[in-house]
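Read the figures in this text as sums done on the coordinates, not as results from a lab. Please read these numbers as outputs of a predicted model, since none were measured by experiment. Counting neighbours? That spans all protein chains shown, and the Cβs are built from the backbone with ideal geometry, glycine included.
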Amino acid sequence: MDVVYADNNATTRVAPEVVEAMRPFFEEDYFNPSSMYDAAHGPAEAVKAARASIARDLGGVRPDERLFPSCATESNNTAMFGAVKANPARRHVITTVVEHPAVLNVCKELERDGLEVTYLPVDRQGQLDVRDFVRALRRDTLLVTIMHANNETGVVFPIGDLARIAKETDPAILVHTDATQTVGKLSIDLSGELRHVDMLAFSGHKLHAPKGIGCLFTRRGTPCRPFLLGGHQEAGRRGGTENVAFIVGLARALELAVATHQDDEPRITTLRDRLERELCARIPLTEVNGAGAPRLGNTSNLSCHFVEGEGILYQLSAAGICASSGSACTSGSLEPSHVLRGMGVPFTASHGSVRFSFSRYTRETDVDRIVAVFPEIIASLRRLSPYWDSATDRPRPEAEGMLHGAPAGPHR
């Protein structure tokens, strides 16, 4: 049975072109790029070329404005802890209730260290109210850290506008965004729309590069202390021998994404829209989380009332379909998604949510298979639910009142 892979927000297949670009640096050009002998010049030049290529693909910024951490989690930690260390007089951070754990857990640690964190709410569609953001800005605000797009729902935040507002309020406020889900899917212009963003983080394995390589853009002049101390690598901003093959692979993956975006994005969005349309038509009481907001074209988060997400994923897996109930970093938890809680998704639906996420390798036949299998999975699980009446294909009368829930409070 062929596997249908629909969990590309968790990780992606490494593109064959990326593997080929990396291969020489595992074999003949394996030298340490910091070494002084002639044989090391090739790897050193490859890193330099990759740095320049990524700079072009992110809007023509300076090549020396980026570090190569191991992943987006390290990138986010580096940006946030580094900003706090470099600016001890300011003690206030602004974020949202729907951030990835790589940001939320750093915020909790900063609170334990005595900083104050404001967690902005979102509405039922997962969108921020800009007025809440403006009200949250203070004289002692050090850092704004808001994701570019949500990893579970695909809802895109207006980070360019938020960064501009922050800088117009106080140029000393630092703006960081976790762009892990948008780099390679949206056009990223750090010299244009995102010119007020100070730090931007992403990870290679979300855009068809390998796991184990990330990138942190840090605008020249941004006060940010090093997170990993060691040798002189990265101009002293991150110790550790450069991961040459993976840096080269990241640059090639981003180059491919930029080159194919205009063709890939409409096709992928069409597949996503067809999936949502057909599943919602076939399955009663199914809704698309974030459907009314700007979203990434590859991401669909569906909630089916009165079923458990864990059971859905087990049955999908048995049918050879890979999907997720939320963030890959927390998918082992039986707790409902903090993102859906923050959006005020009712209890009856937040436990039965599934995320399908596509890539350039997703085919029409993959959608055909999901559409054929998913409705029967939901029907079989609902037959086991004490709240569902299989005869009417509706919730039992005593369960009707459970369909509406109040929005959750701030994430703490």
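Panel values: segment 89-131, Kirkwood radius from alpha carbon pairs, Stokes-Einstein at 20 °C and 1.002 mPa s, translational diffusion coefficient 192 µm²/s. The coefficient of translational diffusion for segment 51-141, derived via Stokes-Einstein from the alpha carbon Kirkwood radius under 25 °C and 0.890 mPa s, stands at 163 µm²/s. In straight-distance terms, cross-link reach from Lys108 covers every one of the lysines whose alpha-carbon lies under 18 Å from its own, apart from those fewer than eight places away in the same chain; here that gives Lys85. From the Cα gyration tensor of segment 300-398, with a ≥ b ≥ c the square roots of its eigenvalues, which class applies: rounded if a/c is under 1.5, or else prolate if a/b is larger than b/c, or else oblate? Since a/c reaches 1.5 but b/c is at least a/b, the shape of segment 300-398 is classed as oblate.
Specify which residue in the list Val197, Ile165, Gly184 is farthest towards the positive end of the charge dipole of segment 108-197, using unit charges on the beta carbon of Lys, Arg (+1) and Asp, Glu (-1), about the Cα centre. It is Ile165.
How much of the DSSP bridge set in the chain is antiparallel, in percent, rounded to the nearest 5?
On the way: 20 of 38 bridges.
Given both bridge residues lie in the chain, the antiparallel proportion sits at roughly 55 percent.
Magnitude of the charge dipole for segment 138-181, about its Cα centre and with charges confined to Cβ atoms of Lys, Arg (+1) and Asp, Glu (-1), is about 140 debye. Leaving out same-chain residues fewer than 8 places away, which lysines sit with a Cα under 20 Å from that of Lys211? Within the straight-line cut-off, Lys211 pairs with Lys185. Between Met1 and Arg396, what FRET efficiency comes out of the Förster formula 1/(1 + (r/R0)^6) with R0 = 30 Å and r the beta carbon distance, rounded to 0.05? Approximately 0.25, to the nearest 0.05. Only alpha carbons enter this Debye calculation for the chain, each as an equal point scatterer, and the log10 of I(q)/I(0) it gives at q = 0.14 Å⁻¹ is -1.24.
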